[in-house]
Amino acid sequence: MVLKRVDHPSSLMTNFLRRCGSSAVLDGGLATELERHGADLNDPLWSAKCLLSSPHLIRRVHLDYLEAGANIIISSSYQATLQGFEAKGISRKEGEALLEKSVKIACEARDIYKERASKGVWDVSATRDHEQAPIWVAASVGSYGAYLSDGSEYSGMYGDGVSLDSLKDFHRRRVEVLAASGADLIAFETIPNKLEAKAYTELLEEEGVEIPAWFSFSCKDGANVASGDPIEECAAIADSCEQVIGVGINCTAPRFVHQLIQSIQKATNKAILIYPNSGETYDANTKEWVKSSGVSDVDFVSYVKKWREAGASLVGGCCRTTPNTIRAISKALSNN
């Protein structure tokens, strides 16, 4: 499968950031908000469950983040895998349609937002020129560990039976479907080790996927991804792939981000994106976040100027962050 590309990937990001005013705002936690709106996500499909049961809630959350100032919204396909759907009795064809649906919902939210903003239907964020600022839809690809639903995206320990080829086989069809879904880019998220990063780069090249992509890694400290592999080595793998236009981190405690940005810069000149979690700790046994270790929106946003000065050009939030977090980030970046 080869998708015709009009512009070189790096120029797409350069132009996007220029139109955003040199920095862009990513959205925040999806599952957090779905649960706040009443969704029950106690399921191996996690937020992807709502593609089946309540797609209107997904659209509502996307709209909330757009109203808060996000320039990029990420589809609800993080936990949506064909293998996971099949385990729930959903056919391969139906599963592919659900992947496409995740992007369609995000695109619909963007269209609704632009229409309402242009008509002044709601009091949208004052930090953005809504006539000019671009909005991208990123198709989320969660790691193999996310599919396992055992917290291994936060450890990177997949076991000896998981190889480079088996990871490529696992992700291949999902990547093909999402690349052809109408998304502006593919977001490979919460990558916990070098092996999976390598699998993604080879997939992008083997399949001729020419819409741009970003790689974001989950990290356990200020120097290493979840598995213990150095972030600098992981960023170098991403840097080697032409289709990758951004490298960064997600679902990592905010206190580690500044040092991680510095390490990433040693390996790549690509755009740096960061969307940490709230600083809370995920308990894989109870499948809950430990609240006591989190930071408030005010504390979270206090880091933003430092991250921007360090070299990050795309900033948002991951698990346990909300539209209030993103609104504050948008305001902070607009003041820089």
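The values are calculated or read from the model by the stated rules, or taken from the named source; none is laboratory data. Just so we're clear, the structure is a prediction, and the values are computed from it rather than from any experiment. Here the Cβ positions follow ideal geometry from the backbone for every residue, glycine too, while neighbour counts run over all protein chains shown. Keep in mind that these areas ignore ligands, DNA and RNA; they rest on the heavy atoms of the full protein, side chains included. Shrake-Rupley method; radii C 1.70, N 1.55, O 1.52, S 1.80 Å.
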Criterion: of a type in the set (D, E, K, R), in contact (Cβ under 8 Å) with a residue 24 or more places away in the chain, surrounded by fewer than 23 Cβ atoms within 10 Å (Cβ to Cβ) and farther than 21 Å from V175 by Cα - qualifying residue of R59, R116: R59
Selected residue (only one of P254, P323 is modelled with pLDDT of 95 or more, in contact with an Asp or Glu (Cβ under 9 Å, 6 or more places away or on another chain) and surrounded by 19 or more Cβ atoms within 10 Å (Cβ to Cβ)): P323
Residues satisfying the stated conditions in the range 40-56, i.e. open to solvent by 10 Å² or more (accessible area, probe 1.4 Å) and within 17 Å of the chain's Cα centre (by Cα): W46
Residue ranges of helices (runs of 4 or more DSSP H) in the range 13-106 with at least 3 members under 28 Å from A117 (Cα atoms), modelled with pLDDT under 95 and charged (D, E, K, R): 30-36
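Taking the stated definitions as given, is L185 at pLDDT 95 or above and open to solvent by less than 10 Å² (accessible area, probe 1.4 Å)? Walk me through it before giving the result.
Details: at pLDDT 95 or above: yes; open to solvent by less than 10 Å² (accessible area, probe 1.4 Å): yes.
In short, yes.
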Boolean, A106 is of a type outside the set (F, W, Y), farther than 24 Å from F16 by Cα and out of contact with any Lys or Arg (no Cβ under 6 Å at 6 or more places or on another chain): no
Residue match in the range 29-39 (condition: crowded, with 21+ Cβ neighbours inside 10 Å, over 30 Å from Q83 (Cβ atoms) and not acidic (D, E)): no
Extreme residue, nearest to I211 (Cα to Cα), among residues of the range 146-157 that are out of contact with any Asp or Glu (no Cβ under 6 Å at 6 or more places or on another chain) and open to solvent by less than 30 Å² (accessible area, probe 1.4 Å): E153
Verdict on G311 being at pLDDT 90 or above, more than 18 Å from the chain's Cα centre (by Cα) and more than 30 Å from D43 (Cβ to Cβ): yes
Selection within the range 227-244 - open to solvent by 10 Å² or more (accessible area, probe 1.4 Å), touching a helix residue (DSSP H, G or I) at 6+ places or on another chain (Cβ under 8 Å) and not hydroxyl-bearing (S, T, Y): D229, P230, E232, E233, I237, E242, Q243
Boolean, W122 is at pLDDT 95 or above, of a type in the set (A, V, I, L, M, F, W, C) and open to solvent by less than 70 Å² (accessible area, probe 1.4 Å): no
